[in-house]
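**Q** Dropping the structure in here first, questions after.
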Amino acid sequence: MLTILVMTVIGADRPGLVQLVAACVADHGGNWLESRMCRLGGQFAGILRVEVPSAQAAALEKALRELAARGLQVTIHAESGAVPPMVGAMVTFELVGQDHPGILRQISSVLAAHGVNVEELASECVSAPMGGGNLFQARATVLVPTTVDMLALRTDLEKIAADVMVDLKLS
């Protein structure tokens, strides 16, 4: 019997943090299934999903929590069984525009209003070419349920994009 654990990790960035987590998982007979990790503002942050023999799950959780003494905070959630797959179309969108507060709030409000689930989201602020301030860039993959009117979703997203003055590309 296997237990699936989903966890977040965060700590001041330095070499070896991934190795600390990977060693804990391997030392308890676990298998690293998937992860997303990056450096953000001097912090190392990540999410990961592992499977471990159920008899080792409690010991692995304890070992992961003990990483706090080495500067890595780990929050662990046990997966609660099979999650029914959502049915729909995967859509990718990219947006770019002058950075200002509230861009993601407005875009995500449209997605939520249509029942669209964000599967993956990456964003950053970068210097605009020619010294024009900062640009906000985001790329998202979303799952649009089959019950959603794609034309209405596109129209609502394009309206918000015009309101917040960003270029939006859906594919």
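**Q** List every residue pair whose Cβ atoms sit under 9 Å apart, with the two residues 6 or more apart in sequence or on different chains, where the first one lies in region 159-171 and is over 14 Å from residue 135 (Cβ atoms) and free of Cβ contacts under 8 Å to residues at least 60 places away in the same chain and the second, anywhere, is of a type in the set (Gly, Ala, Ser) and surrounded by 11 or more Cβ atoms within 10 Å (Cβ to Cβ).
**A** Pairs found: 160/109.
**Q** Quick check on this structure: which one of 135, 121 is in contact with a Gly (Cβ under 9 Å, 6 or more places away or on another chain) and in a strand (DSSP E or B)?
**A** Answer to the selection: 135.
**Q** Name the residue, out of 104, 95, 48, 33, that is outside any helix (DSSP H, G or I), modelled with pLDDT under 95, within 30 Å of residue 137 (Cα to Cα) and within 20 Å of the chain's Cα centre (by Cα).
**A** Going through 104, 95, 48, 33 in turn, the sole match is 95.
**Q** Does any residue of region 118-140 turn out to be polar (S, T, N, Q) and over 30 Å from residue 14 (Cβ atoms)?
**A** no
**Q** Among the numbered criteria (1) in contact with a helix residue (DSSP H, G or I) (Cβ under 7 Å, 6 or more places away or on another chain); (2) of a type in the set (Gly, Ala, Ser); (3) closer than 30 Å to residue 126 by Cα, which one does residue 63 miss?
**A** (3)
**Q** Starting from region 97-119, keep only residues that are assigned by TED's automatic domain parsing to the domain that holds residue 165, then list their pairs with residues that are at pLDDT 90 or above and part of a helix (DSSP H, G or I) whose Cβ atoms are within a distance under 6 Å, requiring at least 6 positions of separation or different chains.
**A** Listed by first residue and then by second, the contacts come to 110/156; 110/157; 114/153.
**Q** Considering only region 90-103, how many residues are closer than 25 Å to residue 147 by Cβ, buried (at least 16 other Cβ atoms within 10 Å of the Cβ) and not aromatic (Phe, Trp, Tyr)?
**A** The total comes to 2.
**Q** May I ask you to verify whether residue 47 is under 19 Å from residue 119 (Cα atoms) and of a type in the set (A, V, I, L, M, F, W, C)?
**A** So residue 47 fits the description; yes.
Each row is one residue, and each column tells you yes or no for (1) of a type in the set (Ser, Thr, Tyr); (2) exposed (fewer than 14 other Cβ atoms within 10 Å of the Cβ).
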| site | (1), (2) |
| --- | --- |
| 57 | no, no |
| 62 | no, yes |
| 75 | yes, yes |
| 80 | yes, yes |
| 84 | no, yes |
| 110 | no, no |
| 135 | no, no |
| 162 | no, yes |
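The values are calculated or read from the model by the stated rules, or taken from the named source; none is laboratory data. Given the structure is predicted, the values throughout are model-derived calculations rather than measurements. Cβ: placed from backbone, ideal geometry, glycine included. Neighbour counts: every protein chain shown.
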